[in-house]
Amino acid sequence: MPEGTTLGVLTSGGDAPGMNAAIWAACDAASRLGWRVLGLEGGWTGVLERRHRVLDPDLVLPWARRGGTCLGTSRLEGFLRHREAIDASLDALGIDRLLVFGGDGSLHASGLLAERRPVVAAPATIDNDIADSDTSIGFATAIDTALTQLDGMRDSAEALPRTFALETLGGDTGYLAAAVADAGGADLALVPEEPTPLADVIACVQIGLERRGYAVIVASEGYRELDACLAAVTDATGTRVRLSRLGHAQRGGRPNAADRILAHAFARHGVEFLAAQRSGRAVQRAGRIVLLPYVADARRRGAPVRR
Ligand code: F6P
């Protein structure tokens, strides 16, 4: 077993643009402290298989501008059942500090591993649904990606006026859809947390059609009965709604500046917290990265609001 501190870096759950920038920044900060850095490959599933590689900042720097995660990731069902085996793998790999980037499930799982070693988990998900954090790595890029499509739709709508709908990712949450709608000036955002009465959807589309000849709706993939809702809008307005689904293309792509800066901040502070032997959830509040205790239940943020 090598002497000195060994930091394990892990990405988990759905990949998010900026994860690679976070890996690089963590590696850079840890190397400055003289720590050895192990990249854990394939998320928690990979930890069970002890898949890893030694990282150094110069090896990882070319990753930083790429989407996805070069370490790979996974979704592990029933984490609790695997907890002891994961602890054993981390011990066997000599990991005495762990930094995790992932969504709410990953943050929750990280808290279950913090008894044996300091573990810090930071939010990286395009959904931006992490309790207590203003934002998460990947959210800003996912908005940009959707905006490119929304702007394209609007070009077409201005040329050939109709009603358009864009479906975003976001799981069963609407933060991403609401942000895209705000940034793109959509007439309406349909979010799962607060379903819009059909009569209001129709009224909103009618107003857009009357004022400028077209209307734009942004909907989260988690919005129930979206197809039925849009069919009803078609019937009521007499014009077929053109729906585009972004799907997983929205999750990849080159991270934008905001996500790279955020990734850097979470990684740098994460290493600092670990150096001070502290464990917890790193979150961003009012622009500052702070460490909060792990909580037993994975809490959700409040419902998204359009600004
Ligand atoms: O990581 C979050 C997310 O991208 C959601 O927006 C989406 O619903 C989900 O993951 C898709 O998961 P999967 O890639 O496992 O199908």
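The values are calculated or read from the model by the stated rules, or taken from the named source; none is laboratory data. From a predicted model like this one, the values you see are computed outputs, not experimental measurements. Cβ sites come from the backbone with ideal geometry, for glycine too, and all protein chains shown count toward neighbours. Accessible surface areas use protein heavy atoms only, side chains included; no ligands, DNA or RNA. Shrake-Rupley method; radii C 1.70, N 1.55, O 1.52, S 1.80 Å.
Principal axis analysis of the Cα atoms in the stretch 148-307 yields extents of 63, 31, 25 Å, listed in decreasing size.
Solvent exposure of H82, expressed as accessible area, is near 40 Å², computed with a probe of 1.4 Å over the protein chains only. Within the accessible area of the chain, the carbon and sulfur atoms contribute 49%, probe 1.4 Å, all protein chains present. Under a no-solvent Debye model with one identical scatterer per Cα of the stretch 200-255, what's log10 I(q)/I(0) at q = 0.27 Å⁻¹? For the stretch 200-255 at q = 0.27 Å⁻¹, log10 I(q)/I(0) is -1.15. Out of A265, Q149, A249, whose Cα points farthest toward the positive end of the dipole of the chain (charges: +1 Lys, Arg; -1 Asp, Glu; placed on Cβ)? Checked the options; the winner is A265.
For the pair A203 and D182 in one chain, pulling the backbone fully straight at 0.36 nm per residue adds 5.7 nm over the alpha carbon distance. Principal axis analysis of the Cα atoms in the stretch 238-300 yields extents of 62, 30, 22 Å, listed in decreasing size.
Once both labels are positioned 7 Å from their Cα atoms along Cα-to-Cβ, the gap between A231 and R254 label points is 4.2 nm.
P(r) for the stretch 118-190, from all Cα pairs and a bin width of 10 Å, is 19, 46, 23, 9, 2, 1 %, short bins first. Rolled with a 1.4 Å probe across the full set of protein chains, the surface gives L160 an accessible area near 100 Å². When the charge dipole of the chain is built from unit charges on Cβ atoms (+1 for Lys and Arg, -1 for Asp and Glu) and taken about the Cα centre, the candidate among A199, A181, P161 whose Cα reaches farthest toward its positive end is A181.
Could you tell me how many cubic angstrom of Cα convex hull volume the stretch 1-76 has per residue?
Here the figure is 72 Å³ per residue.
The eigenvalues of the Cα gyration tensor, multiplied by 5 and square-rooted, give the stretch 9-146 an equivalent ellipsoid with semi-axes of 22, 19, 13 Å from largest to smallest.
For the chain, a simple Cβ point-charge model (Lys and Arg +1, Asp and Glu -1, everything else neutral) yields a dipole of about 540 debye relative to the Cα centre.
Straightening the chain between A159 and R288 buys 42.0 nm, computed as 0.36 nm per residue apart minus the Cα-Cα spacing. Accessible-area rank, largest first, for E41, E194: E194, E41, with all protein chains present and a 1.4 angstrom probe. Solvent-free Debye calculation, one equal scatterer per alpha-carbon of the chain: log10 I(q)/I(0) at 0.11, 0.12, 0.13, 0.16 Å⁻¹ equals -0.67, -0.76, -0.85, -1.14.
Skip the ligands, DNA and RNA, and give the accessible area per residue of the stretch 1-131 with a 1.4 Å probe, whole Å².
Numbers: 4890 Å² over 131 residues.
That works out to 37 Å² per residue.
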